[in-house]
Structure formats: structure tokens, C-alpha cells
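Since the structure comes first, as C-alpha cells, the remarks are kept for the end.
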Amino acid sequence: MDLVHPAQIKASGIIMEQVQKEIREADIVIAILTGQNPNVYYELGIALESASRPAILIVGSGDEVSFDIRPHRYLTYKGNGELERLPATLAEAIRATLALAPTKSQILVGIKAQIRFHENGLSWHHGDARDANDPSLPFFELPEVYDAFKLLSWRARLTSHVGRQEELASLIDWATSDKKEAAIRLISGQGGSGKSRLAAELAVELRKRQYSSGFLNLGIEEVIRVREKGLVGIIDYPEQFLHQVLEVLRSLKSANLADLPIRLLLLSRFPAEYWREKFDAIQASYIVDSQHTNLKSLTLERSLNIYREAVKTLSIKYLGRDVEYSEDEITSWLNREPELNSRPLFSLAAALHTVDEVGQALNSRAAKSDPQIKKCLHNIISSFNRLVIACIRSDYSTRANIRANLYLALESLLGPGVVPEKGKETIITTVHWSGSSAGVPYLTTLDLAHGNWFPDCLGRNHSRS
């Protein structure tokens, strides 16, 4: 978060217009009322009317607060011990205020239009822009408790964006071109190749340049704000929303965009040939960029860089120290099946496995009191990369093949012979599938604890699993 004081604004222009713009666009406003400076009170009035969240007020003592401000909560620092406590008190106030949703009174700056995405494509929306949404960019902080599932997500940004700089530069050029017509571009690649992370980093860069950019959810009807430079929307797993994607393309063919650039980025495991056939069927190929981005596995050195950075981040975060590891072993593993193991997700999974083998993260956080639970959890997380491999290898497979891979994964997790025939039948009934409009099933839920066999293997405290 950047701290901006009105006196620090360097750009030429009318001062108060600049101050008002900063107040309206700020995530949070802090007003220091000591001395009852008229300019501060004037700017506070603007903040009370148009800031996105309630302002945090700081003053020496309550005696210095004017009568019309006294109903508001404020922090003081001239009382006994208050100045020493102020940094911690202010930090707590900032966290609590940022947790509040922005208010509808916020005046939106730089919004040029609004687009409604719905089942039949898209259309202009002429309502209040304050009721619309920006495209989503759902990053999250690293979890305080070691959680392999969350840590493997691109949303965690476990490492810096490594290995896709050329592709990112190409996408930035495409998104920021002077072309006013709508444009579609495809990023294809196998699971774990880094499509979503690449697109998210593109959105981060474009937001700095005053574009509306982020992920669109075509599964719901939603109104999206479009800023002055245009919209670069990201659609992940478009094969799951095939009808909606094709309807959006039909709408873009006939829409009068009024010099408003709209770019859509499709992130798909399906190859370009699959999509080209779909686009040709609705005569929309002319708005689809001919240079699609096909993500391959990374080079050995780039995969090692991801692994090294992830191990360092994980070990410091969850163990409090660096861990030692054999780079020869990870190099040998990467070379064993480079097309598979050199995908970014697999480098992250290998880093998780390395850090977990030290054992201290799970031992201290998960199950100190029950050795049986501890051992089972350790085996599960240590072998989690095998489960990821098994599932990703199932791209475009039949349901039966995916189940077969899950059996193999469970044997890796729990040991051979632990999953009885009855347990395998239980898995068959508790794997939940969601069909996609592309006709390819994808796994949504695997309930491992539904049958009695799995809790039995965890011991008497299986409810903690």
C-alpha cells in the first residue's frame, strides 16, 4: 500500500481537483486533525462524502475535535501512554477499515462504460456504475497454517512470476495495441503449465495502465465496469462455458463498441484446433487473434528457479529457517520426465514435498498429540505431488481412466493394500462430476472420508482429518 500526502502530488494541474481525485480513489483516508487546520477539515468533508470507506481520524486529544466531528470515532495520542500505543492502534484500525466493503457513495473515476455479461452474450448496461464490478483478481496471502492445496494455487503467488516473460510481453503488446475492434486470444496448455498465473500477471500490469482487467465469471450474470483504456477480460476453463463464450463472440461481432477496446483472453487445456472449429462455426474467426499462445513446459533452469524460490519461501514461512536439499536429486527428477515435471505446478509440488520432508511444519501445526494422525497426514502431504500428477495426466481421459489414476494416487498416499475393494467402490460413489458443455467431465469433489475404511486408517480421532 502506498501512502500519499496531498503535498506529494507532483503532476501539473488544479491542486484541489487532484486532491479530490486522490481521496475518491484511495483505499483508505487518514486525517490528522490536530491544530484544526481548515484545509484538513475541508478535505475531510470531501472524504466523508465520497471516500470508499470511513476515514480514520487522529487527534491529540478529544478537546481538539470540533462538535460536528465528535460523533465519529477517532484516535488520540496525548494521553498517558497513548503515543507509544498509537502505531499498533493505527495498524489495527487500518486493517479493520480495509476489511469493510467499499461504500456505494464512492464516486468512480475513469469509468467509460459498463457491460453486462449474461447467458445470451453481452450488452451495454446503462445503470449506476457504482453497482457494477471490476473484473476479479483473486490473489490471497500465504496461509498462516501450512495448507498444500492453497499453496499450490496460482492465487497464492508462492514465487515471483518465473519463466514466462516473453509470453507476458507479447500479451501486453496485444492488449495495448491501438486496434479498436474487439479481439480474442487463446492461451492453451496442459494443466499446471501456468496459464492462469500468466493471465493474472497480465491483469496486474494492465491495471497499472488504467485498463479494466481480470477474470470474468460467465457462470453468473454480472455487470463489469470498463475503464478509459478498455477491457481485457480473462475467461478460465472456457470449455466449461462454451455456450456463453460463443454467445459473447456473437455479441462482439455485432456490437457497436464506440471506440472502446474489448479484449478477451481464453485459457484452455484444449488445443487451438478445437477452438478454431468452434469459431468458424459461428463465423467469428476474424476477431480471433491468429497468434495464439501455447504454453510448453519450462526449461530445466527456469524450473529449478521456481523450485529454489518456492523452497526458500516455504521453509522461512513455515519452518523459520532455510532447509538443505540436494539439487542433483531435483535435477534428476526434472530430467526423468521433462515434458511433465517441468511444468510450473510440478516444480511447486516438488518444493512442497522437499520442505514437508523436514517434518517440522506439519508436526508443529497439524497433530502433535496423535502419532497415528501425524503419520497419516505426513504421508498424504508428502505424496501430494503424486496426486497432482495423477489428476493432470488425466486430461481428456474417460471417467474410468481418471478413477483408475485416483486409485493409484491413493495407494501412493496411504500405502499399498490400505484401500480395500470396498473402499474403491466407495470412491466410485463419492467422486462428484460436473459435466461441461464441451462434453468433457472434470473432477469437482473427492470425498475421501465418506466410507468407514478411511477414518479407520486415521485412527480414533479421524474427525480431525
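Reported count of residues in region 189-231, each being under 19 Å from residue 299 (Cβ atoms) and polar (S, T, N, Q), is 2. Being in a helix (DSSP H, G or I) and either of a type in the set (Phe, Trp, Tyr) or crowded, with 17+ Cβ neighbours inside 10 Å (or both) is a property that residue 218 lacks. Going through (1) within 30 Å of residue 122 (Cβ to Cβ); (2) out of contact with any Pro (no Cβ under 7 Å at 6 or more places or on another chain) one by one, residue 266 falls short only on (2). On the stretch given as region 97-127, residues that are more than 30 Å from residue 254 (Cβ to Cβ), modelled with pLDDT under 75 and not aliphatic (A, V, I, L, M) total 5. Per the listing 281, 200, the residue uniquely in contact (Cβ under 8 Å) with a residue 40 or more places away in the chain and either over 16 Å from residue 121 (Cα atoms) or surrounded by fewer than 18 Cβ atoms within 10 Å (Cβ to Cβ) (or both) is 200.
Residues are listed down the side, and each one gets a yes or a no for (1) in contact with a strand residue (DSSP E or B) (Cβ under 8 Å, 6 or more places away or on another chain); (2) surrounded by 13 or more Cβ atoms within 10 Å (Cβ to Cβ); (3) touching a residue at least 40 places away in the same chain (Cβ under 8 Å); (4) hydrophobic (A, V, I, L, M, F, W, C):
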{"position": "248", "(1), (2), (3), (4)": "yes, yes, yes, yes"}
{"position": "267", "(1), (2), (3), (4)": "yes, yes, yes, yes"}
{"position": "292", "(1), (2), (3), (4)": "yes, yes, yes, no"}
{"position": "295", "(1), (2), (3), (4)": "yes, yes, yes, yes"}
{"position": "298", "(1), (2), (3), (4)": "no, yes, yes, yes"}
{"position": "307", "(1), (2), (3), (4)": "no, yes, yes, no"}
{"position": "310", "(1), (2), (3), (4)": "no, yes, yes, yes"}
{"position": "327", "(1), (2), (3), (4)": "no, no, no, no"}
{"position": "348", "(1), (2), (3), (4)": "no, yes, yes, yes"}
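The requirement of being in a loop (DSSP other than H, G, I, E, B), within 24 Å of residue 2 (Cβ to Cβ), within 33 Å of the chain's Cα centre (by Cα) and at pLDDT 85 or above is satisfied by residue 54. Restricting the search to helices (runs of 4 or more DSSP H) fully inside region 286-357 and requiring at least 1 residues that are at pLDDT below 85 gives 327-336, 338-341. Report the residue count in region 206-215 for those that are surrounded by fewer than 19 Cβ atoms within 10 Å (Cβ to Cβ) and free of Cβ contacts under 8 Å to residues at least 60 places away in the same chain. Counting residues in region 206-215 that are surrounded by fewer than 19 Cβ atoms within 10 Å (Cβ to Cβ) and free of Cβ contacts under 8 Å to residues at least 60 places away in the same chain gives 2.
The values are calculated or read from the model by the stated rules, or taken from the named source; none is laboratory data. Quick caveat, the model's predicted, so the values are computed rather than measured. Methodologically, a virtual Cβ is constructed for each residue, glycine included, from the backbone with ideal geometry; neighbour enumeration extends over all protein chains shown.
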